[in-house]
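To start, the structure itself, in C-alpha cells.
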Amino acid sequence: MNSREDFQPSIPQRNSQPEGSFSAPAIGLPSGDEGRFDGAKAIALLRRRWLLFAGVGVLVASGLTANTFREIPIYQSGFQLLVGPIMGGDKFDELNQSLSKINGGGASERMDYSTQIKVLSSPQLMGQIIEKIQEKYPEVNYGNLLSKLIIVRIGDTKILEVRYQDSDPEKVKFVLDQISSGYIKYSAREQQTSVKQGIQFVEDQLPKLRERVDKLQGKLQQFRQEYKLLDPQTQGQLLSTRLNDINKQRQETQTQLTEAQSLYSNLQKQLGLSPEEAMTASALSEAPRYQQLLAKLQEVETKIAIESARFLPDNPSLKTLQEQRQNLLPLLREEAQQVIGSRTADSSINPQSTSPNSIRVALTQQLIQTESQLQILQIRNAAIAQFEGLLNQDIKQLPIVARQYTDLQRELQVATDSLTRFLAVQEALQIESARNTLPWQQISEPQKPGIPISPNIPRGVIVSIVSGLLAGVAAAFLADKLDNVFHSTEELKDSTKLPVLGMIPFNKQLTHKQPQTQNVEANQTNYLLNQSNYTASPFLESFRGLHANLYFLSPDRPIRSLVVTSSLPADGKSTVATYLAQAAAAMGQRVLLVDADLRRPQVHILTDLPNVWGLSNAISSDMNVDDLIQHSPVEDSLFVITAGQIPPDPTRLLSSQKMQSLVEGFQSNFDLVIFDTPPMIGLADARLLAARADGMFVVVGLGRTNRSALAQVLDELRISRAPILGIVANGVKNYTTNSYHYYYQYSSYKRQQNQTTS
C-alpha cells in the first residue's frame, strides 16, 4: 500500500500556491454577483422566513386597510373658464412685446398665465368671494379655502380649470358657484381697466418717443454736416477711387522726375556749368555789344598766340597786344554786369561759355529748361504726397465715422419703430375701448359631486395588500441579513469559494440521537446492500455521493486517511463521519472509523458500541491496538475505534509520536481511515491530525454554523496549510423532497422492469 508521504490530494489551487496548500477567501465579503437579483434565492429565503413574512405582511395590510375604511370621504368638483386673454389684452400684449424687443427680452405667455393664477388666488380677489360664502358657511376663511382650492391651466390652451374639495358635496357645489361668479365679474372689470391703462400708458410714452426721434434726427444731420458725409459706403468708395488716382499720379511724377534728373546730370557733365553759370552764359550770348567785345578779345588773344610763337615776351608788338587785351577785359566785365546785373562776380564770367556757339547755346537752354522742370516736378511730387497723406488719414478715420453714423442711424430706427408701434397700439386700443367687450366664458359649470375621490376603497385595499407584501418581503430580507448563519449551499459556495463535496439532507430522526434511531438507519443501509430489497433513501445516497466525490478528487492515488471536523459543536460532524464510513464499507472498502474527539466522543453512541477502551488508551498505554478495534454490527467491512477514557490533555496525546505511528499503522491495514475530530474553534486537535492525514473536510450545518466562526476556521487552516478537500453541507432542508421523488421514480421503474422480465 502507498504511504501517506506518496499521496498529494487533488485540491483546487488558488494564486499558484503549491499543491496541497489552501487559501480561503474572506467569509461574508460581497462577491461580484452579490448585487444581482436571484429569484431562486429570494424564493428560498421567503420559504425560510415564511412565518415572519406572513405575519408582517398581514399586520401591515390589515392596518392600512382599516385606516382606509376609517378615512372621511372627500368630494371634489370643478368648472372650466375660457380666460382669453382679456379683450384689449391682445393689443396690450403686442405693446408689451414691442417694449420687450426694445429692451432685449420678452415675457412668455406661460409666465402671464402663472401670474393670472396667482392673482385669482390672491386675498384681494378672494376676499369678496369669501364674504358671500361665509353667509352660508361662516367657518370658511381664506386659509382653509385656499388649501382645498386648485387652479390649473389645461395644457397650452387658454382654459383654466378650478377644482374644490370638501367632505360636504353641497358645500363643494355652493363654493364653486360663488367662485365662478366672482371670477367672471372680475374679468369684466379687468377688461375696461386694462384698456384704459393701456391707452393712458401709450399717451404718456408718445411725447417722450417723439422728442427722442427729433433729437436723434438733429444729431444725424449735424454729424453729416460736420464730416460732409452723405453715406459712409459711398464716401469710402469715393476715397478709395481718389487714392488710386493719386497713386497713379505719384508714380507718373516719380518717373518724370527720375528722367529729368538724369537729363540734368548729363547736361551738366557736357557743359560743365552750374545752373547760374548757364543762365549767365545764355544771357550774354544774346547781348550784341558783349559779343562784339568778346570777338575783339578773341582776335587779340589769337594775335598774342601767334606773336608769342614768333617773338620773345619783351617784344614791343607783343606787349602792345597784351595791353589791348588788358584794356578789353574791363570793358567786357562792365558790359556783362550791365547785361546780367550784379548776380555774379567778375571771376565767374567765362568768355568761352558766352561765345556765340549754336550747339552750346542750345544745350545751355536745355539745361535751364530741365532745371525748371525739375523744380516743377519736385513741387508736384510734394503736393501729391501731402494730398495722399490726407486721403490716408480720411480713410483711417472713415470706419470710426461710419460706426458713429451707423449707431446714430440704428438708434433713430429703433426710436422710429417704437414710435410707430405706439401709434398703432394707441389706435387699436382706442378702437377696442369704443367696442362692447365680453367677460370670461364659463365652458363647464360646477356639478354636485356624487362619488368621493377619497378614500378609494378598491385601490386602498390593493395598496394595502401590496404594501403588506412589500413589508413582509423587507422584513424577511432584513431578518436574513441579520442572521449570521448559512441557509443554503449556494451561500456556502459564494462565501467560501470551496467545493461542496456533499449535501446531506435534513433528517428529523437524527435530532434526538437515540441509538434505536441509528439502528433504523443502519437497517436502511443493509437494505442498500440487498439489491432485491433495495429501498430508496436520499439520506444514505447522499453519503454514497460524498464517498464518490472524495474518490474522484484523486482517482490515481486514493485517499487513505481522512479527517472530519467542523467549526462549532452540533454541526453533525460525528454523524457525517459515521455514515460516510458505513457508505464506504458498503461499497467494498475495508474502513476504520476512529473517534479522535477525546473531549466529547459521539461515535460509540452513533454505532451502538461500548466505549470502555479506545484511542486514548492505545496512545497512553502499551495496549495492543488490535485489541481495541471493534467490529461494527452494521457492516462487515467497517471497524471502529472508540475514544476511550477522556484524558486530561487530549492535544498532547494527538500530537505525540505514538499517534503518528498509529496513523501509519492504520493506513497500512485499512483502505480508508476516517478520524472524527473535535470542532476547530479554540482547539488544535483537528489541525494536528490533518497534518498526518491525506486530507480533511469541514462539516457545515445549514441553519447552525456561524459565518464568522467558519471564516476563522478557514483562516486557521490556511495558516497551518492543512490539506483541506472541501466542505460538506449538512441538514439541507430543500433537498429531500426532490431527491425522494427521483429516487422513488427510478426505483419504481426498475421494479417494473424486473417484474416484466420475470
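The values are calculated or read from the model by the stated rules, or taken from the named source; none is laboratory data. Note that the structure is a prediction, hence the values are computed from the model and not measured. Reconstructed Cβ throughout: ideal geometry from the backbone, glycine too, with neighbour counts over all protein chains shown. The accessibility values were calculated without ligands, DNA or RNA, using every heavy atom of the protein model including side chains. Shrake-Rupley method; radii C 1.70, N 1.55, O 1.52, S 1.80 Å.
Tabulated data for the structure shown
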{"quantity": "Greater than 24 Å apart at Cα, pairs in K228/K248; K148/K196; K148/K173", "calculated": "K228/K248; K148/K196"}
{"quantity": "Of K481/K733; K269/K319; K497/K733; K185/K448, pairs whose Cα-Cα distance is over 27 Å", "calculated": "K269/K319"}
{"quantity": "Cα-centred dipole magnitude for segment 135-255, charges only on beta-carbon of K, R (+1) and D, E (-1), debye, nearest 20", "calculated": "580 debye"}
{"quantity": "Listed residues E161, E71 arranged by accessible area, highest first, probe 1.4 Å", "calculated": "E71, E161"}
{"quantity": "As computed over segment 555-674, the Cα convex hull volume per residue (Å³)", "calculated": "112 Å³"}
{"quantity": "M587 accessible area, 1.4 Å probe, all protein chains in place, Å² to nearest 10", "calculated": "90 Å²"}
{"quantity": "Value of relative contact order over segment 556-636, rounded to a whole percent, pairs C-alpha under 8 Å and six or more apart", "calculated": "23 percent"}
{"quantity": "Solvent-accessible ranking of R459, R687, R590, largest area first, probe 1.4 Å", "calculated": "R459, R590, R687"}
{"quantity": "Simple spin-label estimate for S668 and R380 in nanometres, 7 Å along Cα-Cβ", "calculated": "14.0 nm"}
{"quantity": "Förster-model FRET efficiency, 22 Å R0, S708 and R599, C-beta, rounded to 0.05", "calculated": "0.50"}
{"quantity": "Calculated FRET efficiency for the pair R333/L312, C-beta based, R₀ 30 Å, to 0.05", "calculated": "0.50"}
{"quantity": "Alpha-carbon Rg with Dmax, taken over segment 372-455, Å", "calculated": "36.4, 120"}
{"quantity": "Difference of contour (0.36 nm per residue) and Cα-Cα distance, Q447 to Q256", "calculated": "58.1 nm"}
{"quantity": "Chain lengthening between Q657 and L423 when straightened (0.36 nm per residue, less Cα-Cα)", "calculated": "72.2 nm"}
{"quantity": "Ordering of 631-642, 245-256 by burial proxy (mean other Cβ atoms within 10 Å per residue, highest first)", "calculated": "631-642, 245-256"}
{"quantity": "Segments 323-329, 181-187 sorted - mean Cβ within 10 Å per residue, highest first", "calculated": "181-187, 323-329"}
{"quantity": "Radius 10 Å from Cβ of D597, net charge of other residues (Lys, Arg +1; Asp, Glu -1)", "calculated": "0"}
{"quantity": "Potential lengthening between L390 and V58 on full extension [0.36 nm per residue; Cα-Cα distance subtracted]", "calculated": "109.4 nm"}
{"quantity": "Accessible area in the full protein assembly, largest first, 1.4 Å probe, for D597, D626, D417", "calculated": "D626, D417, D597"}
{"quantity": "Two-site FRET efficiency, H631 against S454, from Cβ-Cβ distance with R₀ of 60 Å, rounded to 0.05", "calculated": "0.15"}
{"quantity": "In Hz, Karplus ³J(HN,Hα) per residue of segment 121-130 (6.51, -1.76, 1.60; θ = phi - 60°; x = Gly, Pro)", "calculated": "9, 6, x, 4, 7, 6, x, 5, 5, 5"}
